[in-house]
Amino acid sequence: MTLPVTITINGRSYQRQVEPRLLLVHFLRDVVGLTGTKVGCDTSQCGACTVLLDGTAVKSCTCLAVQVDGSSITTIEGLATEGRLNVLQETFWSKHGLQCGFCTPGMIFAAHELLRHNAHPSAEEIRHGLEGNMCRCTGYQNIVRAIEQAASNEGAA
Amino acid sequence: MTATTKTARVFGSGIRRREDPRLLTGTARYTDDVALPGMVYAAMLRSPHAHARITRLDTSRAKQAPGVVAVFTAADTESVLKPIPCLWLVPGSDLKLSPYRPLAKDVVRYVGDAVAVVVAETSYQAYDALELIEAEYDTLPAVTDPEKATQDAAPELHEQAPGNVAFHWVVQGGDVEAAFRSAEVVVRERIVQQRLLPTAMETHSAVAHYVPVTGELTLWNSTQNPHIVRFACSVVTGIPEDRLRVIAPEVGGGFGSKIAQYPGDFVTVFCSMKLGRPVKWTETRSENYQATTHGRDHVQDVELAATRDGQITGLRCTVWAGMGAYLSTAAPGIPTILHGLMLSGPYRIPALKEDVYGVYTNATPVEAYRGAGRPEATFMLERMINRLAAEIGIDPVDVRRKNLIPPFDDGFDVVTGLKYDSGNYVGALDKVLAHVDYRALRAEQARLRQQGRYMGIGVSTYVEICGLGPSQVAGAVGFQGGLWESAIVRFHPTGKVNVFIGASPHGQGEETTFAQIVADELGVEVTDVKVVHGDTDNTPMGWGTYGSRTTAVGGAALAVATRKIKAKAMLLTGHLLEAAVEDIEYESGRFFVKGTPDRYKTIQDIALLANVAWNLPEGMEAGLEATSFYDPPNFTYPFGAHVAVVEVEPETGRVDLKRYVAVDDCGPQINPVIVEGQVHGGVVQGIGQALWEEAVYDDSGQLLTGSLADYAIPRADQLPEIEVLSTVTPSPHHPLGVKGIGEAGTIASTCTVYNAVIDALAPLKVDAIRMPLTPERVWRALQPSREGA
Ligand code: FES
Ligand code: FES
């Protein structure tokens, strides 16, 4: 059995027939071919699959494609506008907040969510805000710095 | 022509990484992102038992399932796929090899041993069909503890290895018996280096595309060493190396776990060979925890002999190193060469002996894991020194000082037979102690103890071995390959540069640091250099990225290649400016005749003139390109000193890591920001071992920590800021003096944090707790003393 869904991703609408059990992350990666969103676990721990669902960060391995029918998703591919990196992409770059880059798309959306709720978080608040995202390369320190920098850049802008 | 005038030197500057834009925008392509027309998906049926005889394996129902293209078992693969070779055959160790088959035949030997593969049109269909394979087993007794596996009643895994001993290797130097006979003090400890799950955030993955009509295979593989994969794949599958292209695209972390040659890769290749279609296999995380190699797993009995005033006179130990069910690619070399030969650490130890037993157990195969052998050696030494210090009542820092090798800059012979290249261990120790104000810390500790609070300070000094290594030594220690690295530097007519390297970085940033090397040597812009790696069809042979060797060996190859370019540029400049080559000088991107720096050629001029070749000196070939295969004369030996400060809450057993300071010396730093990032990540990985991480098997051999919900890698909110400092002691034999930094943090941090916790608990008479130091373990350890209190 398949069901029709219409999902807007990065401003573009996709109509597809999908199995009801298809996870959103697999819809993004395998059906639509947007592979920037990563899968790092099968128990919703790692956060590598985090995207924005109608503006709110969600782990895309925790919802079904059919559940988000009619919604709007932003993935890492849709974050830069007209070739200009988003502020978090910039500060992750300038603060060396990534090494292998696998956790990075999810980290950036977790950071985005954090800053949406708290424009000027302390380092400790940032660390708490990243609880649901795992990175094995960076020890998190430069990720924290990148988010601090993004917060102060936004404030300055 | 205009020349670029350099203000700041690009070598040593913390420029942003060139690899990041693609990673930050979702443009980068990892193996699982590869999608090819007609691609099908493989899923593996894995043994649910740690040790069992397969009594029935019926795939007929699975073959009928929707979307299923094929189901294969060992009966299908065995006529095509040879057993997977072990590539580190440590000599003098009576190594007992047993066949490591891509799919298990008759007997399964660990939970996760693959017995069948399903290929289907979608991955969901492949997983559905796994459920329809009817597999029945007669379970056999299992053993997962490496020491117990060698005891009389233990079940045996392989008929080739009686008593489960895969090898027995001994390192010794000096008269250790005499040292212990005459020792004033002997301290002992049993140390368990628990099994760890490397947990690269990207699980292992392969996409195989075999084209029957040409007999050519392209294999995308999440690996640290594509050239070794090509070599091994050719051995296992019979596809000739010239038809075999291995691509390591973006790789999401490895930490040693992507060195191994995996059964799943060869099975995936087999499927593509049989079906003539591209086949993808990507581990789930739970599958990764069973199928991807694990790390550490040592049981160590250690004794240290010393004088009453703290001079170490001897070290003696026996190690049971778990190998898991089969010998993985480099596994035998890790508890032997990379561990035993480093046992004297940064100290003058006149006599030592270690017996290492590599032991087959009913568990996932063990491989290198960040630090690979050196953390297990460093931890052992740093523990024993602290134990000695406690025994004789001398500050552990003073015991270290008494035994550290004095500064040297061109070679120091140690008792295991290695020659360290350069070191200033006291310098690193002084620096870290000054930074934390060690005396003040001890005073604060005393004050807090008065208040009933348990603060602890851990200090460690370490040296490690990197830059593996001279190929002659590789041969002598049984490594089935060379350990040189290669680089090609190619100047295009417009002065832009491609660098092709044999090594295969996967997050360490060599696309940037290697461009910095070229820019620094030849006066081009960093942005004009593109570094290409990871594709065996367009890079020279290389042995891979592990053992912190890419910069230490590959960087040397690159430096030598750029110097060949420079030599050719000198010749060509001499010809063009009508001067003898001896009179040509180079400075900041300009080649000119001595004394007339205003008449010059830039490297860009030379690149154009060499490529168009209208006017070359007699006998000079066209083009501006150089290749180097660099075989290092020695290893490199980075070192450092770390300090951790913790507070332990005895009521709950909770360890609060309050402060961590690292002083590391990897020689001159090409990019200090990248070095710092390596230290952060490394330190945190070692902290994970000290405090949280352990792969736990139950008595029947079930992996209890089988998912990321059960295995605790460090999270952001559990960690303090890591304070990173450095000293700079160049390697005397490396063309750039650099040593390597990938593993240093991990090697030092586990013992530093552990020692801090034990130091905190000294007033409670706790002198050892099995790692990881979870609240539960710490709390339990405190119970007898608290009951007595
Ligand atoms: S893939 Fe790990 S949380 Fe979604
Ligand atoms: S950068 Fe590799 S996992 Fe975060």
### Residue among A:Ala123, A:Ala150, A:Ala156 that is at pLDDT below 95, away from ligand 1 (no atom under 15 Å from the Cβ) and of a type outside the set (D, E, K, R)
A:Ala156
### Task
Can you confirm whether region B:286-304 contains a residue that is over 19 Å from the mean Cα position of the chain (by Cα), within 14 Å of chain A (Cβ to nearest Cβ), among the charged types (D, E, K, R) and surrounded by fewer than 24 Cβ atoms within 10 Å (Cβ to Cβ)?
yes
### Task
Can you tell me which residue among B:Glu676, B:Glu693 is acidic (Asp, Glu), part of a helix (DSSP H, G or I) and modelled with pLDDT of 95 or more?
B:Glu676
### Query
Within region B:98-127, how many residues are under 25 Å from B:His51 (Cβ atoms) and polar (S, T, N, Q)?
1
#### Entry: Selection status of A:Arg84, more than 13 Å from ligand 1 (Cβ to nearest atom), of a type in the set (D, E, K, R), under 27 Å from B:Ile722 (Cβ atoms) and within 12 Å of chain B (Cβ to nearest Cβ)
no
#### Entry: Residues of region A:100-135 satisfying the condition of being in a loop (DSSP other than H, G, I, E, B), farther than 16 Å from B:Asp717 by Cβ and within 8 Å of another protein chain (Cβ to nearest Cβ)
A:Cys100, A:Gly101, A:Phe102
#### Entry: Residue in region A:136-157 that is nearest to B:Ile713 (Cα to Cα), counting only those that are within 12 Å of another protein chain (Cβ to nearest Cβ) and not in a helix (DSSP H, G or I)
A:Arg136
#### Entry: Top-ranked residue in region B:280-295 [being of a type in the set (D, E, K, R) and assigned to a helix (DSSP H, G or I); ranked as farthest from B:Thr203 (Cα to Cα)]
B:Glu287
### Task
Answer yes or no: is there a residue in region B:712-723 that is over 21 Å from B:Pro775 (Cα atoms), basic (Lys, Arg) and in a loop (DSSP other than H, G, I, E, B).
no
### Task
Please go through region B:409-438 and pick out each residue that is over 18 Å from B:Val663 (Cα atoms) and not aliphatic (A, V, I, L, M).
B:Asp409, B:Asp410, B:Gly411, B:Phe412, B:Asp413, B:Thr416, B:Gly417, B:Lys419, B:Tyr420, B:Asp421
### Message
Suppose we filter A:Gly106, A:Gly40, A:Gly101, A:Gly36 for residues that are buried (at least 16 other Cβ atoms within 10 Å of the Cβ), on the phi > 0 side of the Ramachandran plot and within 16 Å of ligand 1 (Cβ to nearest atom); which single one remains?
### Response
A:Gly101
### Task
Scan region B:741-762 for residues that are in contact with a Lys or Arg (Cβ under 7 Å, 6 or more places away or on another chain), more than 19 Å from B:Tyr438 (Cα to Cα) and at pLDDT 95 or above and jot them down.
B:Thr746, B:Ile747
### Task
Among residues belonging to region B:668-708 that are of a type in the set (Val, Ile, Thr) and facing chain A (nearest Cβ under 9 Å), point out the one that is nearest to B:Met771 (Cα to Cα).
B:Ile687
### Query
Any residue in region A:45-65 that is more than 16 Å from ligand 1 (Cβ to nearest atom), more than 13 Å from the chain's Cα centre (by Cα) and not aliphatic (A, V, I, L, M)?
no
### Query
When both residues are 6+ apart or on different chains and their Cβ atoms are under 6 Å apart, which pairs have a first residue that lies in region B:46-69 and is over 23 Å from B:Ala120 (Cα atoms), and a second that is polar (S, T, N, Q) and assigned to a strand (DSSP E or B)?
B:His49/B:Thr139; B:Ala52/B:Thr139
### Message
Cβ contacts < 9 Å: first residue more than 20 Å from B:Tyr100 (Cα to Cα) and assigned by TED's automatic domain parsing to the domain that holds B:Pro240, restricted to region B:261-287; second residue in a strand (DSSP E or B) and within 16 Å of ligand 1 (Cβ to nearest atom), any location; separation 6+ or different chain. Result?
### Response
B:Lys280/B:Ser205; B:Thr282/B:Ser205
### Conditions (1) more than 16 Å from ligand 2 (Cβ to nearest atom); (2) among the charged types (D, E, K, R); (3) in contact (Cβ under 8 Å) with a residue 40 or more places away in the chain; number of the one not met by A:Glu125
(3)
### Task
Only residues that are among the hydroxyl-bearing types (Ser, Thr, Tyr) and surrounded by fewer than 19 Cβ atoms within 10 Å (Cβ to Cβ): list them for region B:38-88, please.
B:Thr55, B:Ser60, B:Ser79
#### Entry: Matching residues in region B:709-734 - criterion: being surrounded by 22 or more Cβ atoms within 10 Å (Cβ to Cβ) and either more than 8 Å from every other protein chain (Cβ to nearest Cβ) or in contact (Cβ under 8 Å) with a residue 60 or more places away in the chain (or both)
B:Tyr711, B:Ile722, B:Thr729, B:Ser731, B:His734
#### Entry: B:Asp32 being more than 14 Å from chain A (Cβ to nearest Cβ) and surrounded by 21 or more Cβ atoms within 10 Å (Cβ to Cβ)
no
### Query
Among the residues of region B:456-465, which ones are part of a strand (DSSP E or B) and over 17 Å from B:Ile687 (Cα atoms)?
B:Val463
## Note on the structure
region A:8-71: strands (runs of 3 or more DSSP E) wholly inside it with 1 or more residues that are within 16 Å of ligand 2 (Cβ to nearest atom) and of a type in the set (Val, Ile, Thr) are A:50-53
### Query
If you take the residues of region B:430-467 that are exposed (fewer than 14 other Cβ atoms within 10 Å of the Cβ) and more than 36 Å from the chain's Cα centre (by Cα), which of them is nearest to B:Val648 (Cα to Cα)?
B:Gly452
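The values are calculated or read from the model by the stated rules, or taken from the named source; none is laboratory data. Note that the coordinates shown come from a computational prediction; the quantities given were computed from them, not determined experimentally. Backbone-built Cβ (ideal geometry, glycine too); neighbour counts: all protein chains shown.
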